[in-house]
Amino acid sequence: MSTGARTGAVAVRDLHHAFARGRGTADVPVFAGLDLSVEDGEFLAVVGPSGCGKSTLLRMLAGLLQPLAGSATVGGRDVLGRPGAVAFMPQKDNLLPWRRALGNAVLGAEISGVPRAEARARALPLFERFGLVGFERAWPAQLSGGMRQRLALLRTFLLDQPVLLLDEPFGALDAITRRSMQTWLQDVWSADRRTVVFVTHDVEEALWLADRVVVLSGRPGRVVAELQVTRARPRALDLVTDPAFVAQRAEVLAALGG
């Protein structure tokens, strides 16, 4: 889908945040001067230990959480406290059980103001591209885990925004389904080429999917390593056994302290 002349360049500057724990207890630091940039059309993966602020960063870019200080822009426009500037898929698929697959697919577009008939007309051609053709009228309970994730991603892609924020979209899937979904996402993104910020705990997944991998430290989160992934696309599954890939995996694990 076209995003027109809009740019998906993301810039985070000097971001500070902490979560309050209650009276008489010190706040929990999340960021203390986080800087991060993503180029227009780049697939960036973000990895880091649990609690380092990966999901918090996406929520801030989605305009759902205001930091204590700092700035975040998409295409040069401030997005802090301004929902709707990006397409955000949280960790859970959040499918509504009382809506069929097509109804779930268009939910985000409807909320953003697209008329229902227009949203459905846009969504229907995507069901084949997302491997869901024939399941337009299925209830979420009738879909496998992988199909539910594809439907949630379809809903996210349907939002005509230049940036996609994906928060561990495959984290709950079994290993076989996860590998299949990684291959599928590579193909879908290669045809779309929007900017992606992809959060994951899986180092191999990050290196296999991304153009660049950013490693965050433990709290307060800061960038401790950046690795450029220059391998040509499409990438084969056996890339994970390549010596250069294995070496980069070891570099990321070392930055994570593992």
Hey, any hits in region 228-238 for a residue that's modelled with pLDDT of 95 or more, in the same structural domain as ALA9 (by TED's automatic domain parsing) and acidic (Asp, Glu)? no
Subset of region 155-190 [small (Gly, Ala, Ser) and under 18 Å from PHE88 (Cα atoms)]: GLY171, ALA172
State which residue is farthest from ALA172 (Cα to Cα) when the search covers only region 110-127 and only residues that are aliphatic (A, V, I, L, M) and assigned to a loop (DSSP other than H, G, I, E, B). VAL114
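Just give me the residues in region 78-96 being basic (Lys, Arg) and closer than 15 Å to GLY145 by Cα, in sequence order.
LYS92
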Please specify each residue of region 169-188 satisfying the condition of being surrounded by 20 or more Cβ atoms within 10 Å (Cβ to Cβ) and under 24 Å from GLY84 (Cβ atoms). PRO169, LEU185
Flagged in region 111-124 as touching a helix residue (DSSP H, G or I) at 6+ places or on another chain (Cβ under 8 Å) and either surrounded by 15 or more Cβ atoms within 10 Å (Cβ to Cβ) or among the aromatic types (Phe, Trp, Tyr) (or both), in numbering order, are VAL114, ALA119, ARG120, ARG122, ALA123
Counting just the residues of region 231-258 that are hydrophobic (A, V, I, L, M, F, W, C) and either part of a loop (DSSP other than H, G, I, E, B) or touching a Ser or Thr at 6+ places or on another chain (Cβ under 6 Å) (or both), which one comes out surrounded by the most Cβ atoms within 10 Å (Cβ to Cβ)? ALA236
Go through (1) among the hydrophobic types (A, V, I, L, M, F, W, C); (2) more than 17 Å from ASP238 (Cβ to Cβ); (3) surrounded by fewer than 17 Cβ atoms within 10 Å (Cβ to Cβ) for PHE198 and report which single condition fails. (3)
Which residue pairs have Cβ atoms under 7 Å apart, sit 6 or more places apart or on different chains, and have a first residue in region 103-122 that is in the same structural domain as ARG150 (by TED's automatic domain parsing) and a second that is of a type in the set (Lys, Arg) and crowded, with 17+ Cβ neighbours inside 10 Å? ASN104/ARG155; ALA105/ARG155; VAL106/ARG120; LEU107/ARG155; GLY108/ARG155
Filtered residues of region 184-208 (kept if under 21 Å from LEU61 (Cα atoms) and among the hydrophobic types (A, V, I, L, M, F, W, C)): TRP189, VAL196, VAL197, PHE198, VAL199, ALA206
Output the number of residues of region 128-154 satisfying the condition of being closer than 13 Å to LEU95 by Cα and part of a loop (DSSP other than H, G, I, E, B). 4
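The values are calculated or read from the model by the stated rules, or taken from the named source; none is laboratory data. No experiment lies behind these values; they were computed from the predicted model shown. Note: ideal-geometry Cβ built from the backbone for every residue, glycine included; neighbour counts use all protein chains shown.
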